[in-house]
Amino acid sequence: MAKQRISYVALDRMDAAMRAEMERCQREGTPRPESSAVRAHVPACFWFFANSWRDIFRNGVLEHPIKELCRLYVSRSVQCEYCGNQRSVKAAQSGAVIEDHVKDLLNFESSKNYDDRQKAALAYAEAIVWHLQTDDAFWERLNRHYTEAELVELGCMIGLTLGQQSWLRLLNIEHHQVLSGTDASMAPGFETAQRLATTKARPDYWAAGPAKPPSSTAAE
């Protein structure tokens, strides 16, 4: 296993409010406790992410499943295994994010698993993640499906998760290491430490190969 680069802060070093948030992470996931335990080295960083994630990912003006699809698109693009092996409980309960569809995220334009509204949001994520140039047709496509407020929230959420996942993937943190014993928000096949290790050892594990650049263009 790769060496972990930043340690977890122990629960007994956190105040009551931080411990309560850690317990929420254990109970509900997204984020799981390990990433929060790393941010706890700086309480301002801990609360910056916890509050932003609550306000613009789990809640907000745009329906949550759209944001979960874009979060997972970022995971697949930057290959953040820690984030990519989680699923939002809220999105899963809605029935709008189907596990088999996640495999198609990097080829969303040609996939039959997404509707036009979902594809527009994923094109937005793609343009942000891969630094694509956009044109009037790109923005007309977005404006057909989303209000400006929704585009602001989605853009901020994508930017936040892109930055965090690009960082977390460097740290070699892993699930089931902090407040372990629950499978809240874990993707199928990753519910326990043993199942996680078995799934990651498979030759078809999603992060086994290099990340692939987008096959579409932002103007499509």
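Please treat every number below as a calculation from the coordinates, not as lab data. Because the structure is predicted, anything quoted here is derived from the model rather than measured. In this analysis, Cβ positions are derived from the backbone assuming ideal geometry, glycine residues included, and neighbour counts consider all displayed protein chains.
Results, tabulated for the structure shown:
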quantity: Set LYS3/LYS200; LYS119/LYS212; LYS67/LYS212; LYS90/LYS119; LYS90/LYS200; LYS119/LYS200 screened for pairs whose C-alpha atoms are more than 23 Å apart; calculated: LYS90/LYS200; LYS119/LYS200
quantity: Cys residues of the chain counted as unpaired, since no other Cys beta-carbon is under 4.7 Å; calculated: CYS25, CYS45, CYS70, CYS156
quantity: For the stretch 1-105, convex hull volume per residue from C-alpha positions, Å³; calculated: 118
quantity: Geometric extent, Cα atoms of the stretch 14-200 - Rg, Dmax (angstrom); calculated: 16.4, 50
quantity: Relative contact order of the chain, pairs being alpha-carbon contacts under 8 Å that are 6 or more residues apart, as %; calculated: 32
quantity: Of the trypsin sites (Lys or Arg not before Pro) in the stretch 111-187, those whose Cβ has at most 11 other Cβ within 10 Å and which sit in DSSP loop; calculated: LYS112
quantity: Cut-off under 5 Å, modelled amide H: who pairs with MET186 long-range; calculated: ARG87
quantity: Helical contribution to [θ] at 222 nm, DSSP H n ≥ 4, -39,500 (n - 2.57), averaged over the chain, rounded to 500; calculated: -15000 deg cm²/dmol
quantity: Dipole moment magnitude, nearest 20 debye, the stretch 14-200 about Cα centre, only Lys, Arg, Asp, Glu C-beta charged; calculated: 440
quantity: Gain in span if fully extended, TYR205 to ASP135, counting 0.36 nm per residue against the direct Cα distance; calculated: 21.6 nm
quantity: Unit Cα scatterers, Debye sum, the stretch 52-111: log10 I(q)/I(0) for q = 0.15, 0.20, 0.23 Å⁻¹; calculated: -0.43, -0.77, -0.99
